[in-house]
1. Considering all projection directions equally, how large on average is the shadow of the alpha-carbon convex hull of the range 67-209, in square nanometres?
2. What is the P(r) of the range 248-354, as percent of Cα-Cα pairs per 5 Å bin from 0?
3. Once you have all Cα-Cα distances for the chain, histogram them in 10 Å bins from zero and send the whole-percent values.
4. Would you mind calculating the relative contact order of the range 189-324 from Cα pairs under 8 angstrom and at least 6 residues apart, reporting the percent as a whole number?
5. At R0 = 35 Å, how high is the FRET efficiency between residue 152 and residue 328 if r is their beta carbon distance? Nearest 0.05 is fine.
6. Using the heavy atoms of the protein chains and a 1.4 angstrom probe, tell me the accessible area per residue for the chain in square angstrom.
7. Please pull out the direction-averaged projected area of the range 127-195, using the convex hull of its alpha-carbon atoms, in nm² to one decimal place.
8. Given a 1.4 angstrom probe, I'd like the percentage of the accessible area of the chain that is carbon and sulfur, rounded to a whole number.
Amino acid sequence: MRTRRAATGSGAPVTPRRRAAVLSADLAERLHDPRQVQERLPHHDRPARALTLSDGAPGIALLHLERGSGDDRALRAAHHWLSDAVGLAHAAPEHVARATPGLYRGVPALSFAMTRAAMVVGRPLRAAERLAGHVRTYARVLVARERRRRPQDGECVSAGTYDVISGLAGLGAHLLDERPGGCDTLAEVLTALTALTEPLRVDGRALPGWWTGDPPDAAADGPAPGPSGAGHARTGLAHGAPGPLALLALAWEAGVTVPGHERAVRVLAEWLMGVRQHGDDGSWWPRTLVLGPGGAAVPRESGPGRPSWCHGTVGIARALFLAGRALDVPEWRDGAVAAWRAALAGARRAYVGPAGGRLTDAGLCHGWSGVLQATWRMADDTRDAALRAELPWLAERVLDLADIDDSFGLRPPLAHGEQTSDPAGFLTGAAGVALALHTFATDTAPVTRWDRALLLA
C-alpha cells in the first residue's frame, strides 16, 4: 500500500489545504463514471443498497453537485449519477417500496439529491418537485404511526421513528429545504417531535419520551441493564435525542415553529446537559443510557468514546450548540464548545496512543472526515480560534488515509461489527471524504448544504 502525497505543481507550497484540494479532486475523478464504480464495488448487484444516500447513487451525486458550480464536467457527472439513480428506482420498484421511509433510502434519498441539483442550476426541477411530494407522504406515514403510539400506557418509541437516518429528524431536515411546499408537513413532523419530549411512564417510573424499549448494543464497557427494566436512550446525533434537537433548533431559526416548540428544545438540551459526564480531561457524553439496578437511568459507558459524528461528542455538541444559538442560551453554546475542545484534545492523545482508542476510518459517519466537517462548521459559526487551529491537523488525519493503489483512493474502511462500510459512498466512503476535504480546501460553506443530511447545518 502506498499513501498518496498530493502533487502541487508549479512550486506551490505543500499545505494541508492544497493537499486536501488535490485529493478531493482525485476522489471525485475516481467516482466520475457510475458504471466503473459499480464494477469495482462489492455487492454492486443490490439495487436497494444502491438507491441510498449512504452508499449509493444519490449520495455520490452530492459530491459532483457540490463541485458543479461553474464546472460543467462535474455537472455532467452529477447528471449521470442522478440518471443512474432514477433508472434504479424504475428497474426495481419493489426494492423502493420496501425501503424504510427515511432520508437515507429510496425516494427520499433521491429527492434530497434532486433538491441539491435544483440549488446548483438555480431553478426548480420538475422531477425534484414530484419527488418532494412523495417525501411528504413518507413523513406523514411516520407521523401517523407516532400518533397511534400510547406513551401514557408505557408504549416506547422506536429510535427509527425519530432519528436522522430512518426517521422524522432526517425527513424534517429535507422538508426544511422544501418550504413553502413542505411547510404543512414539516409542521406535522415538528409537532410529533415536540410530543416526543413528554415523559414516558413505565411501571410508575418517568423516563424520557425518546426512551426505546429495545435492548442496548451488546458491546459496552459499563454496567448492563438492571433487572428493574429494559430499553435505553442514545445520545448520538445519528440515532439519538440530538437529531430531533438539531432539527427543532434549525427550524426555529428558520421561523418555522409549532406549539410547544421552545419547551421541547429546552427539554432535549437540558437532558443532554444533565447526562453530560465530567472527568480530568473535560466533559463528555456516554453513548447510551440504560436502567441501572435501582431503576435510575445510568451511563452504559465508563469513559468518552471516539469523537465521531454518529455517536460521539462532535455530533452531540453540534446539536447542543444549535439549540443554544436558536434560543440564545450561552450555557449550552459554551458547554458545546468546551466539550468539543476536550474531544479534539482526546483525539490527539489517542492518535499517538494505542490503536484501539483512535478513529481509524476516513469517512463522515464514524471517521475523520465527519469530525473535520463538523469542526469546520463550528469554527465558522463561533469564530473560535482554538477550533479553527485544529482544522489542518484533522485534515492531515484524512490525508494520511489516502492510498494511490486503492480503486477509490483511500484505505478501505474497516468493518464495524457485522457491517462492512462502503468504500465509495457518501456516509462512509470516498464521496463523503471528498466533500469534507472540499469544504476545508475552499474554506467555504457548501453551496448545496449537503451536510443538512447530517443535520450539521
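The values are calculated or read from the model by the stated rules, or taken from the named source; none is laboratory data. These figures come from a predicted structure and were not determined experimentally. Note: ideal-geometry Cβ built from the backbone for every residue, glycine included; neighbour counts use all protein chains shown. Just so you know, the surface numbers come from the protein's heavy atoms only, side chains and all, with ligands and any DNA or RNA stripped out. Shrake-Rupley method; radii C 1.70, N 1.55, O 1.52, S 1.80 Å.
1. 9.4 nm²
2. 2, 12, 20, 21, 17, 13, 8, 4, 1, 0
3. Values per bin, smallest distances first: 4, 22, 32, 27, 12, 2, 0, 0.
4. 31 percent
5. Working from the Cβ atoms, E equals 0.55.
6. Ligands and nucleic acids excluded, the figure is 39 Å² per residue.
7. 4.3 nm²
8. Here carbon and sulfur together make up 51 percent of the probe-accessible area.
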